[in-house]
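Note sheet for the following structure.
The values are calculated or read from the model by the stated rules, or taken from the named source; none is laboratory data. On a predicted model such as this, the values are computed, not experimentally measured, just so you know. Reconstructed Cβ throughout: ideal geometry from the backbone, glycine too, with neighbour counts over all protein chains shown. We work out accessible area using only protein heavy atoms, side chains counted, and drop any ligands, DNA or RNA first. Shrake-Rupley method; radii C 1.70, N 1.55, O 1.52, S 1.80 Å.
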Amino acid sequence: MRVVVFSPADTFTESTLPGLSSDDRVVVVCWAGSTEREGVTIVQLRRNKLADSLARTAGRNVLLRTLLRVSPLDPGVVFWRAVRGCEAVLREVGEADLLVAAERDGGYATWKTMRRLARSGRRQAAVSGYPAARAAVERLR
Amino acid sequence: MTVTRPHLLYTAWGFPPSRAGGVYRAVATVNAFARSGWDVTVLTVPRELFVSSTGGDLLLEQRVDSSVRVERLAVSTPAFESDITVWPRLRARAPELWTAWDWRHDLRRFPEPAYGRFRPELERAALNIHSQSPVDLAIGTANPNVDFIPGWTLHRSAGVPYVMDYRDAWRLDVFSGRTLLASGSRAGRWERTLQRGAAEVWFVNEAIRSWHVDAHPGISERAHVVANGYEQYDVPLAVPVRAERDKGLVFGYIGTVTDRVPLNALLEGWRRARARDPRMRSATLVIHGYAGHFGTSAAVARELALSDPGVRFEGPVSKSTIGKVYAGFDALVLLLGTGRYVTSGKVYEYAATGIPIAAIHDPSNAASEVLAASPARVATRSLMPDDISDALVETAALACSQTPADRARAQHWAGQYERSRQLNPRIDALTRLVTREPLS
C-alpha cells in the first residue's frame with residue numbers, strides 16, 4: 001500500500017500508522033528542514049519566507065489570523081501551491097492508495113489533490129487525521 | 001412504575017470505543033447500575049465516529065456489562081467527518097470559517113456548537129425508548145451538554161426523574177476559573193431550566209460543585225460530589241515494588257499530552273534533576289498516551305525524544321491492561337493543567353497503584369486535596385523548574401526507599417477512592433427514589 005501524508009509540520013512518526021508493513025510505502029510531504037529517517041520517504045518543499053513571516057506575525061492576533069486565513073497567503077494555500085509545483089509529489093500521488101491530511105494546513109493540499117485525481121476519473125481515498133488514516137489503512141487492506 | 005427492576009436511560013456522547021477521558025466514568029456508572037439490579041439502556045452515537053476521528057479503545061467496549069443495551073443514534077456529524085472526499089471546498093480552504101458557519105445548525109436548536117443539532121433526535125430517541133420500555137430514571141453525562149436533553153424531555157412528558165452528571169462544566173473554564181458564558185446567556189438560561197427540574201446534579205469535585213451552587217443556590221440540596229475514583233480492569237492496579245529499580249528508576253506519565261499540561265516545565269525540571277542527582281541521572285521518563293485530543297500531534301513524540309535522552313514517548317495504552325504498564329514504573333508523574341477546579345481521573349488511578357507520585361501541578365488544583373493525606377505523594381512547590389526538580393529528586397528518593405509494606409499501605413489508603421464507593425451512595429438513593437422505598 002502507498003500512503004502520501006501531507007504534513008507541513010512533519011508530524012509523522014513510525015508509530016503513527018502501526019497497521020503498515022515493511023512492504024508498504026509512506027511518503028511524507030512537508031516543509032524543508034525535516035530530518036530524514038528510515039522507512040519513510042520525505043519530500044521536502046521549499047519554504048515561502050514571506051508567508052512564514054506573515055503567519056508568525058498573524059499568529060499573535062485573532063483578527064490578523066482570520067484575515068490571513070482568507071488571503072492567498074493562508075498557510076494551507078501556500079502549502080498547496082508548493083505541492084502543485086513539485087514534480088516529485090505529483091509522481092508519488094499518482095501511485096497512492098491513500099492521501100492523508102495530517103494537520104490543518106495540509107487539508108487544502110489533500111483536498112485539491114483528491115479533486116484533481118477525481119477529474120481524471122480516479123476515486124482517491126483521502127482522510128483527515130491519523131486516527132482516520134489508521135481506520136482507512138485497515139479498510140483498504 | 002417498575003418496582004423490581006427499574007430502567008435507567010443513560011445518555012453519553014462519549015461511550016466506548018471512544019477513548020476520551022470521561023468515557024471511563026460512563027462505563028463505570030452503567031456497569032454499577034446494572035450490577036445493582038437495573039435494566040440499563042445507553043443512548044450514544046455510532047462507534048465508527050470515534051474510530052475514524054479521535055481514535056478508539058476497542059478493548060474498552062468489552063468492559064461494558066453484557067446486560068447493558070446500547071442504542072446508537074445514526075447522527076450526521078460533520079465536525080467529526082474525516083473523509084475528505086465529502087468535504088465542501090470551504091471546509092478544506094478555510095476550516096475555521098466553515099466550522100463557524102456550520103454551527104448555525106446547532107445554535108438554533110440548543111446553545112452548544114457542534115452538538116446542539118442533536119436535540120430533536122435525542123428527544124425522539126428518548127420518547128421512543130420510553131414507549132417501548134418505560135424509563136424510571138434518566139442520566140445525562142456532559143459534555144456535551146445536549147446529553148441532558150433526554151432526561152429533561154422524559155421529565156416534561158412523563159414525569160421521569162433525571163440526573164445531570166457534569167464531568168466538566170458548561171459555563172465555567174475549569175482551567176482559568178473564568179466564567180465562559182454569563183448566567184443571562186442562552187446557555188445560562190438553559191442550564192437553569194435543566195437544573196431546576198433535575199432530581200440530582202453530580203459534580204466531580206467540591207470546587208466545581210460550589211461554583212454551581214453559588215450560581216444556582218436552589219440546587220444546593222440536590223448537588224452531590226461523585227468523584228471519579230478508579231476501577232480495576234484485567235490487570236490489578238495495586239502493583240508490587242519493581243525488583244529492577246536498582247538498575248535505574250523508571251518514572252511514568254499516563255495521559256493525553258494536551259497544551260494544558262505543563263510539559264515544558266516538567267522537561268526543564270527533569271533535566272535539572274538529572275544534572276544534580278545520581279539516582280535521577282540513570283532514571284527514565286516514559287510517557288504513555290495520545291498527543292493532543294485528536295491524536296494528531298505525533299511531533300510531540302519526536303520533540304520529547306530530542307529534549308532529553310532519558311525521555312521516551314510510547315503512545316497510547318488500553319485502560320483494560322493499564323495495570324501492566326504501571327507495574328513497569330517506580331515513580332509516577334502527575335502532570336496536570338493549572339486550575340483550582342481541575343482534578344482529573346488519573347489522580348485516583350495513580351493513587352491506587354501505591355507508587356510514589358511526583359505531583360507536578362499548580363498547588364491550588366483540586367487534585368491537591370485528593371492526595372493531601374497520601375503517604376506516597378511529593379508535591380512541587382510551584383511550576384518553576386527548580387521546584388519541579390526538587391520534587392522529582394525527592395520522589396526518586398522515596399521510590400528507592402519504598403518497601404513492599406509502604407507500597408501496600410499507600411494502596412490501602414487509596415481504597416477510599418474506588419469508583420464503586422463514589423457511585424453506590426447515589427445509586428442507593430436513586431433506587432429508593434424510583435421504587436418509592438422509605439429512607440432507612
At a 1.4 Å probe, which residues in segment A:1-49 are at least 30 Å² less accessible with all protein chains present than in their chain isolated?
-> A:THR11, A:THR13
Chain B: most fluctuating residue of B:PRO161, B:PRO78, B:PRO111 per GNM, C-alpha cutoff 10 Å = B:PRO78
Compute the accessible area of each residue in segment A:90-129 twice, once for its chain alone and once with every protein chain present, using a 1.4 Å probe on heavy atoms, and list those whose area falls by at least 50 Å².
-> A:ARG104, A:TYR108, A:TRP111, A:SER128
Per residue solvent-accessible surface (Å²) - segment B:52-156, probe of 1.4 Å | 44 Å²
Could you work out the mean count of beta carbons from other protein chains within 10 Å of each residue's beta carbon in A:66-74?
-> 2
Environment charge of B:ALA26, counting only residues whose C-beta is closer than 9 Å and scoring Lys/Arg +1, Asp/Glu -1 = +1
At a 1.4 Å probe, what is the % contribution of carbon and sulfur to the accessible area of segment A:2-140?
-> 51 percent
Based on the alpha-carbon gyration tensor of the protein assembly as shown and its eigenvalue square roots a ≥ b ≥ c, which shape applies: rounded if a/c is under 1.5, prolate if not and a/b is larger than b/c, or oblate?
-> oblate
According to the square roots a ≥ b ≥ c of the eigenvalues of the Cα gyration tensor, what is the shape class of segment B:243-417, taking rounded for a/c under 1.5, prolate for a/b larger than b/c otherwise, and oblate for the remainder?
-> rounded
In Å², rounded to a whole number, the accessible area per residue of chain A with probe 1.4 Å is 51 Å²
Of the accessible area of segment B:243-417, with the probe set at 1.4 angstrom, what percent is carbon plus sulfur?
-> 53 percent
By the gyration tensor of its Cα atoms, with a ≥ b ≥ c the square roots of the eigenvalues, what is the shape of segment A:13-141: rounded for a/c under 1.5, prolate for a/b over b/c, or oblate?
-> prolate
Could you work out the local net charge near B:VAL225, counting Lys and Arg as +1, Asp and Glu as -1, over the other residues with Cβ closer than 9 Å to its Cβ?
-> 0
For chain B, what is the per residue volume of the convex hull drawn over the alpha-carbon atoms, in cubic angstrom?
-> 147 Å³
Calculate, for segment B:243-417, the solvent-accessible area per residue in square angstrom, rolling a 1.4 angstrom probe over the heavy atoms of the protein chains.
-> 39 Å²
List of segment B:71-91 residues, accessible area with partners at least 10 Å² below that of the chain alone (1.4 Å probe) = B:SER82, B:ASP83, B:ILE84, B:THR85, B:TRP87, B:ARG89
Within a Cβ distance under 13 Å of B:HIS105, other residues only, what is the Lys/Arg minus Asp/Glu net charge?
-> +1
Straight-distance crosslink candidates among lysines, where the alpha carbon sits under 30 Å from A:LYS49 and sequence neighbours closer than 8 are dropped = A:LYS112
Listed by chain and number, the lysines with an alpha carbon less than 27 angstrom from that of B:LYS324, same-chain partners under 8 positions apart left out, are B:LYS247, B:LYS346
Total accessible surface hidden between B and A, rounded to 100 Å², 1.4 Å probe | 2100 Å²
Hey, in the GNM for chain B with a 10 angstrom Cα cutoff, which one of B:ALA223, B:ALA125, B:ALA358 fluctuates hardest?
-> B:ALA125
